[in-house]
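In what follows, a structure is listed as structure tokens, so that the remarks can point back to it.
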Amino acid sequence: MSKFNNKPNRYFDALLMVLFIVPVACVQKRLSVNGNDGQYRNGMVVCAYPDAAKVGLDVLKKGGNAVDAAVAVQFALAVTLPEAGNIGGGGFMVYRSTGGETNTLDFREKGPATSNANMYLDQAGNVIPDMSLYTHKASGVPGSVDGMVQAHAKYGKLKWADLVQPAIDLARKGFKITKHLASDLNYASAQFKQLNPGKNYLVKDTQWQEGDLLVQEDLAKTFEQIRDKGRDGFYDGIVADQLVAEMNSGGGIISKADLQNYHSVWRKAIIGTYLGYKIITMPPPSSGGIALLQLLKSVEKYPLQRWGYNQDSTVRLMVEAERRVYADRSKYLGDPDFYKVPVDSLLNPVYIASRMNNFSWDAATPSTSIQPGTFVGYESDQTTHYSIVDREGNSVSITTTLNDTFGSRIFVKGAGFLLNNEMDDFSSKPGVPNMYGLIGGKANSIQPGKRMLSSMTPTIVEKDGKLFMVVGTPGGSTIITSVFQTILNVIAFNQNMQQAVASKRFHHQWLPDEVTVEKGALDSATVIKLQNKGYKVTTRGGIGRVDAILKTPQGYYEGGADPRGDDTKLGW
Ligand code: GLY
């Protein structure tokens with residue numbers, strides 16, 4: 001197996017890999033602005049790969065709106081960012097029109113019709129290692145193509161075919177790969193070969209090098225089907241036949257009926273506030289939105305600005321909030337179409353305040369003493385991110401994923417695209433952690449047609465009724481805390497967008513009971529203070545790859561492209 005899944009601390013390695021999966025923000029020379037350097041008046045795209053960002057900017061310049069650009073970027077990323085960009089996966093979109101209308105689109109994958117709660121267990125009831133990750137059974141029914149079709153039908157302005165064509169061109173003519181992509185392809189090479197006998201996708205005899213041309217002819221043909229037939233180009237016809245044949249060749253369970261029955265869902269955004277800012281974010285089946293609003297509310301009354309960015313009081317408060325919020329996530333969050341998620345209770349300010357009652361400045365609260373909360377009157381429910389704003393001020397925040405880097409690492413033969421391993425985001429067995437170390441239970445058990453719980457947190461922030469920020473990130477379980485920190489960096493710590501995105505991060509998720517920090521995130525005095533209070537602090541590589549856009553008080557767009565990847569911000 002590749003180094004992706006062969007280390008003792010596997011879920012954090014997986015997180016690292018997922019970080020390589022997604023964001024897009026492209027920076028180019030300013031074209032026509034009167035704002036400061038790097039500020040733009042007419043629109044902006046920030047995403048995880050330069051060529052995809054250019055595709056999005058071109059669409060905006062041709063008069064396309066933010067949703068048109070998002071469709072083109074999604075498909076371009078499926079070519080240029082095979083680690084996480086996708087048509088074989090799913091995602092979530094948060095939309096805000098220039099007039100303030102909000103909407104969200106859930107194009108998350110679903111459990112196939114023959115999936116079931118015990119499908120990853122052996123006869124003794126133990127989870128079979130890697131079965132939900134690197135097998136044909138690891139894939140949920142993909143949602144990305146239907147999601148883009150739905151988004152375009154509702155909000156798009158330009159012709160569908162013109163938005164798909166750039167992906168065809170990138171796949172057929174090829175594009176020069178970055179150092180990151182070369183390195184990821186080399187890491188995955190052995191596993192690609194092992195899991196894809198007789199196929200030669202993304203592998204070559206020698207090592208990939210920065211600047212190599214990557215050509216994907218089968219993928220170009222698949223995109224031609226999508227260009228010409230829209231939804232049917234993927235969920236019916238030749239591509240669907242190829243996907244089902246691939247399933248049949250490896251014991252997978254996605255059927256033609258599963259594909260035909262897949263439909264993305266428009267859901268009402270969940271909305272909260274933090275210090276007067278309006279936070280517009282993703283409802284379940286993502287846990288991200290609820291968790292983000294809980295976190296912001298948990299820290300709202302404390303003087304973070306006075307304490308300072310990443311100072312010990314700030315870190316301790318945020319970690320204690322994170323510990324409690326992730327405990328709630330483990331019990332109460334799941335697909336609202338199958339499980340009654342207690343949204344109002346989880347977001348009730350009195351409940352959120354009560355969760356912090358046993359927080360003490362004397363010592364860390366051990367996670368063993370924290371359980372998911374209880375409510376009075378239990379109510380009546382390597383990913384990638386891109387942020388886009390158009391000339392009119394419409395904005396789109398999309399996070400999309402195959403789950404692990406390169407998903408299941410299994411290609412659909414003849415169709416040239418990778419399948420997701422999103423089934424691992426379900427709880428295979430209550431209390432047994434998934435690849436991110438996240439625990440789940442009944443709310444997130446496997447059921448046919450159910451969507452697996454996600455941490456993706458595409459978010460848009462408003463101030464005084466106007467657009468303020470578009471933000472999101474990949475990073476598995478660290479997505480929520482990365483978005484949380486980025487918003488605080490701007491609102492509480494007065495960082496500009498690029499600083500807020502580049503700033504070092506830390507993370508706590510209840511279990512395991514440790515604060516993981518990026519190298520350099522905390523100074524040694526702060527680490528010692530935390531340790532003296534009983535916090536276990538561990539250092540790791542990059543956390544998250546945030547791509548975000550801020551609207552300045554003067555009306556310019558200012559991007560933040562995460563320096564941890566190839567992320568690019570482009571504006572005009
Ligand atoms: N696959 C990672 C997530 O959706 O949270």
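Matching residues to (1) within 21 Å of the chain's Cα centre (by Cα); (2) among the charged types (D, E, K, R); (3) within 16 Å of the ligand (Cβ to nearest atom):
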| residue | (1), (2), (3) |
| --- | --- |
| Asp424 | yes, yes, yes |
| Asn434 | yes, no, yes |
| Ile439 | yes, no, yes |
| Asn444 | yes, no, yes |
| Ser454 | yes, no, yes |
| Pro458 | yes, no, yes |
| Val490 | yes, no, no |
| Asn532 | no, no, no |
Exercise. Under 8 Å between Cβ atoms, at least 6 apart or on separate chains: pull out the pairs that start in segment 439-455 with a residue that is assigned to a helix (DSSP H, G or I) and end on any residue that is away from the ligand (no atom under 15 Å from the Cβ).
Key: Lys442/Tyr339; Lys442/Pro430; Ala443/Lys331; Ala443/Tyr332; Ala443/Tyr339; Ala443/Val341; Asn444/Tyr339
Quiz item: Which one of the conditions (1) outside any loop (DSSP other than H, G, I, E, B); (2) of a type in the set (A, V, I, L, M, F, W, C); (3) out of contact with any Lys or Arg (no Cβ under 7 Å at 6 or more places or on another chain) does Leu133 fail to meet, given that it meets all the rest?
Solution: (1)
Quiz item: Which pairs do you get when a residue that is assigned to a loop (DSSP other than H, G, I, E, B), found in segment 384-395, comes within reach of a residue that is basic (Lys, Arg) and crowded, with 24+ Cβ neighbours inside 10 Å, reach meaning Cβ atoms under 6 angstrom, with the pair 6+ apart or on two chains?
Solution: none
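Looking at segment 258-351, what helices (runs of 4 or more DSSP H) fall wholly within it and have at least 1 residues that are buried (at least 24 other Cβ atoms within 10 Å of the Cβ) and out of contact with any Ser or Thr (no Cβ under 6 Å at 6 or more places or on another chain)?
Output list reads 288-299, 312-332, 343-346.
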Quiz prompt | Filter pass, Asn403 being modelled with pLDDT under 90, within 22 Å of the chain's Cα centre (by Cα), within 16 Å of the ligand (Cβ to nearest atom) and outside any strand (DSSP E or B) | solution = no
Quiz item: Could you count how many residues in segment 74-125 are of a type in the set (Gly, Ala, Ser) and under 27 Å from Leu202 (Cα atoms)?
Solution: 8
Exercise. Among what's in segment 49-105 and is in a loop (DSSP other than H, G, I, E, B) and among the charged types (D, E, K, R), pick the residue that is farthest from Lys173 (Cα to Cα).
Key: Glu101
Practice problem: Inspect all residues belonging to segment 303-313 and state whether any of them is within 17 Å of the chain's Cα centre (by Cα) and either aliphatic (A, V, I, L, M) or within 16 Å of the ligand (Cβ to nearest atom) (or both). | Solution: no
Quiz item: Looking at (1) within 16 Å of the ligand (Cβ to nearest atom); (2) closer than 26 Å to Ile280 by Cβ; (3) among the charged types (D, E, K, R), which is the only condition Arg391 fails?
Solution: (1)
Practice problem: Answer yes if at least one residue in segment 469-488 is over 17 Å from Leu292 (Cα atoms) and either in contact with a strand residue (DSSP E or B) (Cβ under 8 Å, 6 or more places away or on another chain) or crowded, with 22+ Cβ neighbours inside 10 Å (or both), and no otherwise. | Solution: no
Self-check item: Candidates Glu558, Glu518 - the one that is closer than 20 Å to Lys463 by Cβ, charged (D, E, K, R) and crowded, with 18+ Cβ neighbours inside 10 Å
Solution: Glu558
Quiz item: Residues of segment 465-487 being in a loop (DSSP other than H, G, I, E, B) and within 15 Å of the ligand (Cβ to nearest atom), which ones?
Solution: Gly472, Thr473, Pro474, Gly475, Gly476, Ser477
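Looking at the structure I just gave you, is Leu219 of a type in the set (A, V, I, L, M), within 22 Å of Phe75 (Cα to Cα) and exposed (fewer than 15 other Cβ atoms within 10 Å of the Cβ)?
The answer is no for Leu219.
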Quiz prompt | Filter result for the condition that a residue is out of contact with any Lys or Arg (no Cβ under 8 Å at 6 or more places or on another chain) and within 16 Å of the ligand (Cβ to nearest atom), over Gly230, Gly288, Gly250 | solution = Gly288
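Let's see how each residue does on (1) at pLDDT below 95; (2) surrounded by fewer than 19 Cβ atoms within 10 Å (Cβ to Cβ):
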position: Asn357; (1), (2): yes, yes
position: Ile370; (1), (2): yes, no
position: Gly377; (1), (2): yes, yes
position: Ser387; (1), (2): no, no
position: Ser408; (1), (2): no, no
position: Leu418; (1), (2): no, no
position: Pro430; (1), (2): yes, yes
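The values are calculated or read from the model by the stated rules, or taken from the named source; none is laboratory data. Because the structure is predicted, anything quoted here is derived from the model rather than measured. Neighbour counts run over all protein chains shown; Cβ positions are idealised from the backbone, glycine included.
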